[in-house]
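Sharing a structure, written as structure tokens. Questions coming.
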Amino acid sequence: MNSIQIQIPSLSENIRIVESFIDNAKEKFSLNDDIYGNIMIAVTESVNNAIVHGNRKDSSKNVTLQLKVDDNILNFTITDEGEGFNFNQLPDPTSPENLDKPGGRGIFLMKHLCDEVSFQDEGRAVILTFYLN
């Protein structure tokens with residue numbers, strides 16, 4: 001199993017570091033362009049959620065991004081130092097009363113771009129799984 005990890009302070013401008021991390025993973029693991037695009041959108045959205053909602057943009061708190069590759073499965077784990085959230089109580093962004101709301105689509109988007117999305121540690125960690133075959 002291969003594993004790489006970075007930790008960044010909770011600043012929105014650090015998304016560029018995450019993009020470089022994903023670019024490096026694309027090269028290292030020879031990811032095709034289709035899965036690369038899904039990974040880029042889902043992982044940067046998840047890290048942004050960790051910065052904004054999890055750590056409340058507190059630069060003294062960090063977000064950790066880990067990639068594990070094992071038998072054609074990529075697992076990205078994004079962890080924040082926030083209070084967590086109830087991931088079973090998310091409003092449906094496609095319901096009529098939520099269509100005009102500016103937020104609430106990030107996790108919905110992740111679930112459609114990834115093969116699997118799971119939460120751990122009361123919502124402080126999200127695992128985004130991509131199958132390479």
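Which one, His112, Ile35, Gln5, is farthest towards the positive end of the dipole of the chain when Lys and Arg carry +1 and Asp and Glu -1 on their Cβ?
Gln5
If each residue of separation counts as 0.36 nm, what is the full-extension length gain between His112 and Phe85 once their alpha-carbon separation is subtracted?
7.7 nm
If you don't mind, another one. As a quick test, which of the pairs Lys57/Lys101; Lys28/Lys57; Lys28/Lys111; Lys26/Lys111 have an alpha carbon distance above 27 angstrom in this structure?
Lys28/Lys57
Further, regarding this structure: I'd like to know how region 10-56 sits against the 2.2 N^0.38 Å rule of thumb: what's its Cα Rg over that expected value?
Rg over 2.2 N^0.38 Å, computed on Cα atoms: 1.20.
Once you charge only the Cβ atoms, +1 for Lys and Arg and -1 for Asp and Glu, what is the size of the charge dipole of the chain about its Cα centre, to the nearest 20 debye?
Here the chain has a charge dipole of around 240 debye.
Related question: With θ set to phi - 60° and the Karplus curve 6.51 cos²θ - 1.76 cosθ + 1.60, what are the ³J(HN,Hα) couplings of region 68-85 in order, to the nearest whole Hz, using x for Gly and Pro?
Once θ is set to phi - 60°, the couplings for region 68-85 become 10, 10, 8, 6, 6, 10, 9, 10, 9, 10, 10, 10, 10, 10, x, 8, x, 7 Hz.
Sticking with this one: Pairs of alpha-carbon atoms within less than 8 angstrom and 6+ residues apart define the contacts here; what relative contact order does the chain have, in percent?
28 percent
When the helices in the chain are scored as -39500 (n - 2.57) per DSSP H run of 4 or longer and the sum is shared across all residues, what 222 nm value do you end up with, to the nearest 500 deg cm²/dmol?
The helix-only estimate for the chain comes to -9500 deg cm²/dmol at 222 nm.
Same structure, new question: Apply the Karplus parameterisation 6.51 cos²θ - 1.76 cosθ + 1.60, with θ equal to phi minus 60°, to every residue of region 31-45 and state each ³J(HN,Hα) to the nearest whole Hz, in sequence, with x for glycine and proline.
Each residue of region 31-45 in turn: 6, 6, 5, 5, 5, 4, x, 5, 4, 4, 5, 5, 6, 5, 5 Hz.
While we're looking at this one, here's another question. In terms of modelled amide H atoms, which long-range or inter-chain residues lie less than 5 Å from the amide H of Arg124?
Correct list: Phe85.
For region 91-133, what does the convex hull of the Cα positions come to per residue, in cubic angstrom?
It comes to 81 Å³ per residue, whole-number rounded.
Now for a separate question. Given the convex hull of the Cα atoms of the chain, what is a quarter of its surface area in nm²?
8.2 nm²
OK, next. Full extension from Asp100 to Ser20: what is 0.36 nm times the residue separation minus their Cα-Cα distance, to one decimal in nm?
Contour length minus Cα-Cα distance gives 25.5 nm.
Values in this text are rule-based calculations from the coordinates and carry no lab data. Remember, predicted model here, so these are calculated numbers, not experimental data. A quick note on method: Cβ atoms are made from the backbone with ideal geometry, for glycine too, and the neighbour counts reach across all protein chains shown.
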